[in-house]
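Shown next, in structure tokens, is the structure this report addresses.
Bear in mind that the values in this text are calculations on the coordinates, not laboratory data. Source: prediction; values computed, not measured. Counting neighbours? That spans all protein chains shown, and the Cβs are built from the backbone with ideal geometry, glycine included.
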Amino acid sequence: MRLLNEIECKRAMEKGEFELSEFAAGSGSGAVILTQSWCPQWKAMKNYLPELEKRHNNLKILYIEYDQLLFFEEFMTFKENILQNREIPFVLYYKDGKCSSTSNYLSLEGFLQRLG
């Protein structure tokens, strides 16, 4: 798992989507998780995701706990209004370089199904 940096978050806000090298065409599958640090569902996911990443070599998981950002309000507005999701955690699933689906909290089994 890798924490998204400020530049990546601000670029997504400018472009209206995440364009990350980890999800370039042909680089496998992955997910971007937008959440807040206090969220109990995020804490549950945070427990199973590292092991999942170890078992699947080409799986990449990136996340941001955006309540920790200096531009929290601006990022939350982007997530809620541009990405149109008001719940946390919000997960964007990537396959073949494109966002293939989205969800909010899912169990390990549901997460694997979304990844395909």
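A few comments on the model shown:
- Toward the positive end of the charge dipole of region 2-115, with +1 on the Cβ of Lys and Arg and -1 on the Cβ of Asp and Glu, the farthest Cα among His56, Gln68, Cys39 is that of His56.
- Fewest-first ranking of Ser101, Ser37, Ser29, Ser21, using other Cβ atoms within 10 Å as the exposure measure: Ser21, Ser37, Ser101, Ser29
- Interchain or long-range residues, amide H under 5 Å from Lys60's placed H: Ser29, Gly30, Ala31
- Under the Karplus curve 6.51 cos²θ - 1.76 cosθ + 1.60, θ = phi - 60°, whole-Hz ³J(HN,Hα) for region 107-113, x wherever Gly or Pro sits: 5, 3, 4, x, 4, 4, 4
- Rounded to the nearest 20, the size of the Cβ-charge dipole of the chain about its Cα centre is 360 debye, with Lys and Arg at +1 and Asp and Glu at -1.
- Couplings 3J(HN,Hα) of region 58-67, computed from phi: 8, 8, 10, 10, 10, 8, 9, 9, 6, 5 Hz, in residue order, whole Hz [Karplus 6.51 cos²θ - 1.76 cosθ + 1.60, θ = phi - 60°; x for Gly and Pro].
- The HN-Hα couplings worked out from phi for region 86-100 by the Karplus form 6.51 cos²θ - 1.76 cosθ + 1.60 (θ = phi - 60°) are 10, 10, 10, x, 10, 10, 10, 9, 10, 8, 6, x, 10, 6, 9 Hz, whole numbers, x standing for Gly and Pro.
- Between the entries (1) 19.2; (2) 16.1; (3) 14.2, the label attached to Kirkwood radius over Cα pairs in Å calculated for this structure is (3).
- Pairwise centroid distance, computed over Cα atoms, of region 1-15 with region 85-116, Å: 18
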